[in-house]
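A.B. asks: What follows is a structure written as structure tokens; I'll ask about it next.
Taken together, the values in this text are just the output of simple stated rules run on the coordinates, not laboratory data. If you're wondering where the values come from, they're calculated on a predicted model, not measured in any experiment. Positions of Cβ are backbone-derived with ideal geometry, glycine not excepted, and every protein chain shown enters the neighbour counts.
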Amino acid sequence: MFESLSERLGGVFDRLTKAGALSEADVVSALREVRTALLEADVSLPVVRDFVKRVQDKATGSAVTKSVTPGQMVVKIVHDELIRVLAGEGEPDALKIDNPPATILMVGLQGSGKTTTTAKLAKRLKEKNGKRVLMASLDTNRPAAMEQLGILGTQIGVDTLPIVKGETAVQIARRAKTQAAMGGYDVLFLDTAGRLHIDEVLMDEVQAVRDLAAPRETLLVVDGLTGQDAVNVAREFDGKVGISGVVLTRMDGDGRGGAALSMRAITGKPIRFVGLGEKMDAIYSFDAERVAGRILG
Ligand code: GDP
């Protein structure tokens, strides 16, 4: 994640910090390179424009160019702007799982990593937070997906709702809610059906499940490798069902990281977790400061 962007920016800032005195023209020229690096990382154009403008406004003042270490001041401004772009304003990063049983609705396109992420989060809540977790698959179109959740559940030692053939997604959600309450679970994950593309039937179903389930969180799982498409999918899902946050998967395979940088600015929704591999432990809380530090090396 971010390796190529980090390398590019590292080169630009190395030159800036080594330069000693800086003119405004030096800063402008460095920011031109930053702009190119961000665009190559597949960060969306409006986000890049706004980012570069904000840095430029702050970095071309005399306080910077006349300071003893102007290069370092520019890097600090970029660092702070990265954190702003990644995190926005005061979002809690922990999942809301008070007042048990708390329902977490998992939504996303087919193949985005939804089922894997559901199991990863369930394992994390069980092991890190000592929560009793129940998972239920609502993917009535794909029996294999329902079975897959059961297999993962067994692997990580988390209960799954038994499969009853012929039920609709809403019926499964209702049964899961009852089971979660009766069984004394703290958290219920509802793994909704995915489609290859956003379509109305899918959205209607997710909305019906959401209305019944009254989830504490609705997490959208998107494939980080799809870059700006991931951001578009997030915008659509948020408009149609309302999401509380995003999980970006397959970031282990994306050295550019553009989706991570555009997500918050374009959708207004925070990235809550990042998937960095297929293993059940390969999920990480998204921490803007750590990520900004990583990008700047
Ligand atoms: P779903 O259709 O959205 O439920 O997708 P799945 O959970 O079945 O995942 C599809 C494939 O992506 C599986 O082979 C997963 O192992 C893989 N996958 C999920 N998350 C990640 C991730 O963060 N990194 C990598 N490399 N693979 C992932």
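A.B. asks: What list of ³J(HN,Hα) values in whole Hz, one per residue of the stretch 222-236 in order, does the Karplus curve 6.51 cos²θ - 1.76 cosθ + 1.60 (θ = phi - 60°) give from phi, with Gly and Pro shown as x?
C.D. replies: Once θ is set to phi - 60°, the couplings for the stretch 222-236 become 10, 7, x, 5, 7, x, 5, 4, 4, 5, 5, 4, 5, 5, 5 Hz.
A.B. asks: Say the cut-off is 23 Å between C-alpha atoms; which of Lys126/Lys165; Lys114/Lys240; Lys96/Lys177 go over it?
C.D. replies: Working: Lys126/Lys165 28 Å; Lys114/Lys240 18 Å; Lys96/Lys177 17 Å.
Distance filter (> 23 Å) returns Lys126/Lys165.
A.B. asks: Here is a follow-up. Please give the length that would be gained between Thr178 and Glu278 if that part of the chain were fully extended, namely 0.36 nm times their separation in residues minus their C-alpha to C-alpha distance (nm, one decimal).
C.D. replies: Working: separation 100, 0.36 × 100 = 36.00 nm, distance 3.12 nm.
Length difference between fully extended and current span is 32.9 nm.
A.B. asks: Another one. The stretch 230-297: Rg/Rh from Cα coordinates, Kirkwood Rh? It would help to have the intermediate numbers written out before the result.
C.D. replies: Values: Rg = 12.1 Å, Rh = 12.5 Å.
Ratio of gyration radius to Kirkwood radius for the stretch 230-297: 0.97.
A.B. asks: Along its three principal axes, how long is the stretch 60-195 when you only count alpha carbons? Whole Å, largest extent first please.
C.D. replies: For the stretch 60-195, the Cα spread along each principal axis is 72, 31, 26 Å.
A.B. asks: Now a separate question. Could you tell me how many degrees, from 0 to 90 and to the nearest 10, lie between the Cα long axis of helix 45-59 and the main elongation axis, the longest principal axis, of the Cα atoms of the chain?
C.D. replies: Between the helix axis and the principal axis of the chain, the angle is about 40 degrees.
A.B. asks: I would also like to ask the following. In debye, nearest 20, what is the charge dipole magnitude of the chain about its Cα centre with +1 on Lys and Arg Cβ and -1 on Asp and Glu Cβ, if you could check?
C.D. replies: On the way: 39 positive and 39 negative charges, 95 e Å.
The dipole of the chain has a size of about 460 debye.
A.B. asks: Rg/Rh for the chain: what does it come to with C-alpha atoms and Rh from Kirkwood?
C.D. replies: 1.06
A.B. asks: Right, another one. Binning every alpha carbon pair distance of the stretch 2-60 at 10 Å from zero, what are the percents per bin?
C.D. replies: All Cα pairs considered, the percentages come to 23, 55, 21, 1.
A.B. asks: Direction-averaged shadow area of the convex hull around the Cα atoms of the stretch 148-297, nm²?
C.D. replies: Details: hull surface 39.5 nm².
Quarter of the Cα hull surface area: 9.9 nm².
A.B. asks: Based on the alpha carbon coordinates of the stretch 22-139, what radius of gyration and maximum Cα-Cα distance (Dmax) apply, in Å?
C.D. replies: 21.5, 61
A.B. asks: For a paramagnetic label modelled at 7 Å from the Cα of Asp98 toward its Cβ, which residues of the stretch 196-240 fall within the zone defined by backbone nitrogen distances under 15 Å?
C.D. replies: 216-217
A.B. asks: Would you mind checking the radius of gyration and Dmax of the stretch 142-184 based on alpha-carbon positions, in Å?
C.D. replies: 10.9, 29
A.B. asks: Return the lysines within reach of Lys53: Cα separation strictly under 26 angstrom, same-chain partners fewer than 8 residues apart disregarded; answer none if there are no such residues.
C.D. replies: Of all the lysines, those that pass the test against Lys53 - Cα under 26 Å, at least 8 places apart if same chain - are Lys18, Lys66, Lys76, Lys269.
A.B. asks: Next question. Sort largest first and round to whole Å: the equivalent ellipsoid semi-axes of the stretch 62-127, each the square root of five times a Cα gyration tensor eigenvalue. Spell out each step's value before the answer.
C.D. replies: Values: eigenvalues 346, 46, 23 Å².
Equivalent ellipsoid of the stretch 62-127: 42, 15, 11 Å, largest first.
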